[in-house]
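Chemist: Dropping the structure in here first, questions after.
The values are calculated or read from the model by the stated rules, or taken from the named source; none is laboratory data. From a predicted model like this one, the values you see are computed outputs, not experimental measurements. All Cβ positions, glycine included, derive from the backbone under ideal geometry; neighbour counts span all protein chains shown. In case anyone asks, the SASA skips ligands and DNA or RNA and just uses the protein heavy atoms, side chains included. Shrake-Rupley method; radii C 1.70, N 1.55, O 1.52, S 1.80 Å.
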Amino acid sequence: MVCLGNICRSPLAHGILEELAPKDWVIDSAGTSSWHKGERPDTRSIITARAHGMDIDHQRSRPVVVSDFEEFDVIFAMDSSNHSHLMQLAPNDQAKAKIRLIMNEAYPEQNLQVPDPYTGGDEGFEQVYQMLKESITTFLQHNA
Ligand code: 4NP
(Lines give C-alpha, C1' and ligand atoms only; values in the text may rest on other atoms or scores of the structure.)
Protein backbone atom coordinates (compact mmCIF):
# COMPACT_ATOMS: atom_id res chain seq x y z
CA MET A 1 0.00 0.00 0.00
CA VAL A 2 1.69 3.19 -1.17
CA CYS A 3 0.94 6.90 -0.68
CA LEU A 4 3.13 9.99 -0.47
CA GLY A 5 4.07 10.19 3.22
CA ASN A 6 3.10 6.71 4.46
CA ILE A 7 1.50 8.32 7.51
CA CYS A 8 -2.14 9.01 6.50
CA ARG A 9 -3.66 6.90 3.69
CA SER A 10 -1.44 3.85 3.24
CA PRO A 11 -1.26 3.02 6.97
CA LEU A 12 -5.09 2.82 6.98
CA ALA A 13 -5.01 0.68 3.82
CA HIS A 14 -2.33 -1.52 5.40
CA GLY A 15 -4.42 -1.95 8.57
CA ILE A 16 -7.65 -2.75 6.70
CA LEU A 17 -5.96 -5.30 4.41
CA GLU A 18 -4.15 -6.89 7.36
CA GLU A 19 -7.46 -7.27 9.19
CA LEU A 20 -9.38 -8.78 6.27
CA ALA A 21 -6.84 -10.75 4.21
CA PRO A 22 -5.76 -14.37 4.74
CA LYS A 23 -3.31 -14.42 7.65
CA ASP A 24 -0.44 -15.87 5.59
CA TRP A 25 -0.32 -12.87 3.23
CA VAL A 26 2.65 -10.52 3.59
CA ILE A 27 1.29 -6.96 3.82
CA ASP A 28 3.17 -3.71 4.16
CA SER A 29 2.95 -0.02 3.31
CA ALA A 30 5.41 2.63 2.20
CA GLY A 31 5.69 6.18 0.90
CA THR A 32 7.00 7.55 -2.37
CA SER A 33 8.82 10.10 -0.18
CA SER A 34 11.01 9.53 2.89
CA TRP A 35 9.75 12.76 4.53
CA HIS A 36 8.25 10.93 7.51
CA LYS A 37 10.63 7.96 7.67
CA GLY A 38 10.50 6.23 11.06
CA GLU A 39 7.37 8.08 12.20
CA ARG A 40 4.13 6.61 13.49
CA PRO A 41 0.96 7.09 11.44
CA ASP A 42 -0.65 10.53 11.72
CA THR A 43 -2.69 10.74 14.95
CA ARG A 44 -5.86 11.24 12.91
CA SER A 45 -5.24 7.95 11.06
CA ILE A 46 -4.59 6.18 14.37
CA ILE A 47 -7.85 7.56 15.81
CA THR A 48 -9.84 6.67 12.69
CA ALA A 49 -8.42 3.14 12.75
CA ARG A 50 -9.25 2.80 16.44
CA ALA A 51 -12.84 3.95 15.82
CA HIS A 52 -13.12 0.94 13.49
CA GLY A 53 -11.47 -1.50 15.89
CA MET A 54 -8.01 -1.51 14.32
CA ASP A 55 -4.65 -0.87 15.93
CA ILE A 56 -2.12 0.68 13.53
CA ASP A 57 0.08 2.38 16.15
CA HIS A 58 2.95 -0.08 15.61
CA GLN A 59 3.38 0.93 11.94
CA ARG A 60 6.39 3.09 11.01
CA SER A 61 6.75 5.12 7.83
CA ARG A 62 9.34 4.00 5.29
CA PRO A 63 10.05 4.88 1.67
CA VAL A 64 9.35 2.44 -1.17
CA VAL A 65 12.48 0.54 -2.23
CA VAL A 66 13.18 -1.22 -5.54
CA SER A 67 13.23 -4.62 -3.83
CA ASP A 68 9.52 -4.11 -2.97
CA PHE A 69 8.82 -4.95 -6.61
CA GLU A 70 10.28 -8.45 -6.03
CA GLU A 71 8.91 -8.91 -2.52
CA PHE A 72 5.24 -8.15 -3.36
CA ASP A 73 2.83 -9.48 -6.00
CA VAL A 74 0.59 -6.40 -6.04
CA ILE A 75 1.49 -2.79 -5.30
CA PHE A 76 -1.42 -0.41 -4.71
CA ALA A 77 -1.13 3.34 -5.26
CA MET A 78 -3.61 5.67 -3.53
CA ASP A 79 -3.57 8.30 -6.29
CA SER A 80 -2.21 8.98 -9.77
CA SER A 81 0.82 10.84 -8.45
CA ASN A 82 1.83 7.83 -6.33
CA HIS A 83 1.15 5.64 -9.38
CA SER A 84 3.45 7.62 -11.67
CA HIS A 85 6.22 7.71 -9.04
CA LEU A 86 5.98 3.94 -8.72
CA MET A 87 6.05 3.49 -12.51
CA GLN A 88 9.27 5.54 -12.62
CA LEU A 89 10.83 3.47 -9.84
CA ALA A 90 9.82 0.08 -11.25
CA PRO A 91 12.93 -1.64 -12.67
CA ASN A 92 11.19 -3.58 -15.48
CA ASP A 93 7.86 -4.37 -17.16
CA GLN A 94 7.11 -7.21 -14.75
CA ALA A 95 7.41 -4.76 -11.87
CA LYS A 96 5.27 -2.15 -13.66
CA ALA A 97 2.53 -4.76 -14.15
CA LYS A 98 2.20 -5.11 -10.36
CA ILE A 99 1.19 -1.46 -9.84
CA ARG A 100 -2.53 -0.73 -9.53
CA LEU A 101 -4.62 2.28 -8.53
CA ILE A 102 -6.49 1.04 -5.48
CA MET A 103 -9.94 2.53 -6.22
CA ASN A 104 -10.02 0.68 -9.55
CA GLU A 105 -10.75 -2.50 -7.58
CA ALA A 106 -14.22 -1.21 -6.60
CA TYR A 107 -14.64 1.13 -9.60
CA PRO A 108 -12.79 -0.45 -12.54
CA GLU A 109 -11.13 1.88 -15.03
CA GLN A 110 -12.50 5.04 -13.37
CA ASN A 111 -9.09 5.99 -11.96
CA LEU A 112 -10.66 7.49 -8.82
CA GLN A 113 -8.20 9.05 -6.36
CA VAL A 114 -7.98 8.48 -2.62
CA PRO A 115 -7.73 12.15 -1.58
CA ASP A 116 -4.76 13.25 0.50
CA PRO A 117 -6.31 14.13 3.90
CA TYR A 118 -3.11 15.57 5.43
CA THR A 119 -3.99 19.27 5.31
CA GLY A 120 -7.75 18.85 5.75
CA GLY A 121 -10.04 18.08 8.70
CA ASP A 122 -10.76 14.89 10.60
CA GLU A 123 -13.68 13.99 8.32
CA GLY A 124 -11.23 13.46 5.45
CA PHE A 125 -9.72 10.51 7.32
CA GLU A 126 -13.10 8.82 7.75
CA GLN A 127 -13.80 9.32 4.04
CA VAL A 128 -10.43 7.75 3.21
CA TYR A 129 -11.21 4.81 5.51
CA GLN A 130 -14.60 4.19 3.85
CA MET A 131 -13.17 4.39 0.33
CA LEU A 132 -10.31 2.02 1.16
CA LYS A 133 -12.58 -0.44 2.94
CA GLU A 134 -14.81 -0.68 -0.12
CA SER A 135 -11.98 -1.23 -2.59
CA ILE A 136 -10.06 -3.65 -0.37
CA THR A 137 -13.21 -5.69 0.27
CA THR A 138 -13.85 -5.92 -3.47
CA PHE A 139 -10.22 -6.87 -4.12
CA LEU A 140 -10.44 -9.69 -1.56
CA GLN A 141 -13.71 -10.99 -3.00
CA HIS A 142 -11.87 -11.52 -6.30
CA ASN A 143 -8.45 -12.56 -5.06
CA ALA A 144 -8.53 -14.22 -1.62
P1 4NP B 1 -0.17 10.50 2.98
O2 4NP B 1 -0.44 12.02 3.41
O3 4NP B 1 0.55 10.53 1.65
O4 4NP B 1 -1.54 9.93 2.87
O5 4NP B 1 0.66 9.88 4.09
C6 4NP B 1 0.58 12.99 3.47
C7 4NP B 1 1.40 13.04 4.56
C8 4NP B 1 2.37 14.01 4.65
C9 4NP B 1 2.51 14.95 3.63
C10 4NP B 1 1.67 14.89 2.52
C11 4NP B 1 0.71 13.89 2.45
N12 4NP B 1 3.47 15.97 3.74
O13 4NP B 1 3.47 16.89 2.89
O14 4NP B 1 4.31 15.93 4.65
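Chemist: According to the square roots a ≥ b ≥ c of the eigenvalues of the Cα gyration tensor, what is the shape class of the range 51-135, taking rounded for a/c under 1.5, prolate for a/b larger than b/c otherwise, and oblate for the remainder?
Modeler: Details: a/c = 1.95, a/b = 1.46, b/c = 1.33.
Prolate is the answer for the range 51-135, as a/c is 1.5 or above and a/b outweighs b/c.
Chemist: List, in order, the whole-Hz ³J(HN,Hα) value for each residue of the range 5-21 obtained from phi through the Karplus relation with A = 6.51, B = -1.76, C = 1.60 and θ = phi - 60°; use x for Gly and Pro.
Modeler: Result, rounded to whole Hz: x, 6, 10, 10, 6, 5, x, 5, 4, 4, x, 5, 5, 4, 5, 9, 7.
Chemist: Still on this model: If a/c stays under 1.5 just call it rounded; otherwise compare a/b with b/c (prolate if a/b is bigger, oblate if not). Do that for the range 13-58, with a ≥ b ≥ c from the square roots of the Cα gyration tensor eigenvalues. Please list the in-between numbers first.
Modeler: On the way: a/c = 2.65, a/b = 1.21, b/c = 2.20.
Oblate is the answer for the range 13-58, as a/c is 1.5 or above yet b/c matches or exceeds a/b.
Chemist: So which GluC sites (Glu not before Pro) in the range 60-144 pass both tests, a DSSP loop state and at most 15 other Cβ atoms within 10 Å of the Cβ?
Modeler: Values: sites: E70, E71, E105, E109, E123, E126, E134; in loops: E105, E109.
Sites meeting the loop and neighbour criteria: E109.
Chemist: Which length gain, in nm to one decimal place, applies between Q130 and D93 when the Cα-Cα distance is subtracted from 0.36 nm times their residue separation?
Modeler: Numbers: separation 37, 0.36 × 37 = 13.32 nm, distance 3.19 nm.
Taking Q130 through D93 to full extension adds about 10.1 nm, to one decimal.
Chemist: Additional query: Could you give the longest part of the chain that holds none of the chymotrypsin sites (Phe, Trp or Tyr not before Pro) found in DSSP loops with at most 15 neighbouring Cβ atoms within 10 Å? Show your work: numbers first, answer last.
Modeler: Numbers: sites that count: W25, W35.
Result for the longest clean stretch: 36-144.
Chemist: Output wanted: per-residue J couplings in Hz (rounded whole) for the range 51-63, from phi through Karplus 6.51 cos²θ - 1.76 cosθ + 1.60, θ = phi - 60°, x for Gly and Pro.
Modeler: 4, 10, x, 10, 10, 10, 4, 6, 5, 10, 5, 8, x
Chemist: Enumerate the amide H contacts of R62 below 5 Å, restricted to partners 5 or more residues apart or on another chain; note that Pro and chain-start residues carry no placed amide H.
Modeler: G31, G38
Chemist: Does the chain come out rounded, prolate or oblate, given a ≥ b ≥ c as the square roots of the eigenvalues of its C-alpha gyration tensor, rounded meaning a/c under 1.5 and, failing that, prolate meaning a/b above b/c? List each step's numbers first, then the result.
Modeler: Numbers: a/c = 1.39, a/b = 1.22, b/c = 1.14.
Rounded.
Chemist: Run down the aspartates and glutamates and flag those whose C-alpha is under 12 Å from the C-alpha of K96, throwing out any fewer than 8 positions away in its chain.
Modeler: Partners found: D68, E70, D73.
Chemist: Distance between the C-alpha centers of the range 1-62 and the range 81-140? Whole Å please.
Modeler: Here the two parts' Cα centres lie 13 Å apart.
Chemist: For R60, what accessible surface area do you get with a 1.4 Å probe? Give it in Å², rounded to 10.
Modeler: Rounded to the nearest 10, the figure is 100 Å².
Chemist: Label point 7 Å out from N143 along Cα-to-Cβ: which residues of the range 78-109 have amide N under 11 Å?
Modeler: Only 98-106 pass the distance filter.
Chemist: Another one. Give me the number: length gained by fully extending D24 to Y107, i.e. 0.36 nm times residue separation minus the C-alpha to C-alpha distance, one decimal in nm. Can you show the working numbers first?
Modeler: Numbers: separation 83, 0.36 × 83 = 29.88 nm, distance 2.69 nm.
Length gained between D24 and Y107: 27.2 nm.
Chemist: To continue, here is another question. For the chain, set up a GNM with springs between Cα atoms under 10 Å and report which of T48, T32, T119 has the largest fluctuation.
Modeler: T119
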